[in-house]
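Each value in this text was obtained by applying a stated rule to the coordinates, not by laboratory testing. Values in this document were obtained by computation on a predicted structure and should not be read as measured data. Note: ideal-geometry Cβ built from the backbone for every residue, glycine included; neighbour counts use all protein chains shown.
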Amino acid sequence: MGWLEGSAVLVTGGASGLGRAIVERFVDEGARVVVFDRSKDKLDGIAADLKGAVRTVSGDVTSFADNVRACTVAEEEFGGLDTFVGNAGLWDFNRSLLDTPADALADGFDELFAVNVKGYLLGAKAAAPLLRRASGSIVFTLSNAAFYPGGGGPMYTAAKHAALGLVRQLAYELAPYTRVNAVAPGGLATDLRGPDAMGLADRSLTQELPINQILTEHSALRRAVRPQDAVGPYVLLASRESVITTGTVIDISTFGIPQRRPPAD
Ligand SMILES: NC(=O)c1ccc[n+]([C@@H]2O[C@H](COP(=O)([O-])OP(=O)(O)OC[C@H]3O[C@@H](n4cnc5c(N)ncnc54)[C@H](O)[C@@H]3O)[C@@H](O)[C@H]2O)c1
């Protein structure tokens, strides 16, 4: 019997990278999952691979109507919604304040905040009535950038700090009916993209950075992290084991742990 047997889940950005790993693991744990993403190709890929276990919704998390549409699919197909995973995100590819032209900074901010912050807010708004009915919960994907500098440029770091604010405020507002928590992963080798307004929509983190090498050399545990390695805390937070847990972030980034040199044997 899985940890999430019979539960209904919606994952935004669930067709790629970390979101896809969450969907696959949740299905393994017995959940039925609505995968909400704007990439039709990637949605087709996950639908083909997971067959009947998922429903896919093509849409944009910055649109309230699209978020409502995704929640409606969960209600109609699965009878409700137990967990909303807000996960779709963009990265700013470490573009710094001084090196970024002002117009790119302004437009990039609007696009990145619309996905990484407004997308979470509107998703929570759309899901809240169903989650209340199910005594369910929200799990947001944060990042080491929700706590520390250097995991992106100022736009990404500010957006993840803002999403941390959403965890705390929504945990306060939605109590005692709906729990709100988050997971903060560190670097992951995924297809993470950036704002179109900055010419970063077709760039991918994995193409841009030797992310596995960076993690192996610089993270406390000195190992590359696969998206599948980061999903356990989502299962825990979504499950009944976390029935008294709200307003909490599980930080699995290891960025708060200084490196030990030489490495321990
Ligand atoms: N990759 C990393 O190193 C890393 C580290 C920490 C946190 N994160 C966070 O993990 C989350 C998932 O990112 P990922 O690394 O798996 O990247 P990814 O690009 O592989 O997956 C993100 C998915 O979100 C979708 N998406 C983007 N904008 C959307 C929109 N407006 N509407 C609907 N769907 C949209 C994309 O199509 C994609 O399928 C993000 O919140 C990211 O900030 C990533």
Please list, in chain and number order, the residues 5+ apart from Asp191 or on another chain whose amide H is under 5 Å from its amide H, with Hs placed from the backbone. Gly17
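So how do Ile257, Ile138 line up by other beta-carbon neighbours within 10 Å, fewest first?
Ile257, Ile138
Listing Leu174, Leu10 from the residue with the fewest other Cβ atoms within 10 Å to the one with the most, what is the order?
Numbers: Leu174 19, Leu10 28.
In increasing order of surrounding Cβ atoms, one gets Leu174, Leu10.
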If eta is 1.567 mPa s and T is 4 °C, what Stokes-Einstein diffusion coefficient results for region 1-71, Kirkwood Rh from Cα pairs, in µm²/s? 109
Which of Arg179, Arg222, Arg69 comes first, and how do the rest follow, when ranked by fewest Cβ neighbours within 10 Å? Arg222, Arg69, Arg179
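How much length would be gained if the chain were fully extended between Thr206 and Ala102, taking 0.36 nm per residue of separation minus their Cα-Cα distance, in nm to one decimal? Show your work: numbers first, answer last.
Details: separation 104, 0.36 × 104 = 37.44 nm, distance 2.66 nm.
Gain on stretching Thr206 to Ala102: 34.8 nm.
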With θ taken as phi - 60° and the coefficients 6.51, -1.76 and 1.60, list the Karplus ³J(HN,Hα) couplings across region 86-97 in order, rounded to whole Hz; mark glycine and proline as x. x, 9, 4, x, 10, 10, 9, 6, 6, 5, 8, 4
Let a ≥ b ≥ c be the square roots of the eigenvalues of the Cα gyration tensor of region 158-224; is it rounded (a/c under 1.5), or, if not, prolate (a/b larger than b/c) or oblate? oblate
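How compact is region 153-265 by the rule of thumb for globular proteins, expressed as Cα Rg over 2.2 N^0.38 Å?
For region 153-265, the normalised Cα radius of gyration comes out at 1.25.
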Residue among Pro149, Ala175, Ala201 farthest towards the positive dipole end of the chain, charges placed on Cβ: Ala175
For Ala182, what is the net charge nearby, where nearby means another residue's Cβ is under 15 Å from its Cβ and Lys, Arg count +1, Asp, Glu -1? +2
Hydropathy at least -1.0 by Kyte-Doolittle, axial extent at least 24 angstrom from the Cα trace: which helices of the chain, defined as entire DSSP H runs, fit? 154-174
Based on alpha-carbon atoms only, what is the radius of gyration of region 8-248 relative to the globular estimate 2.2 N^0.38 Å? 0.96
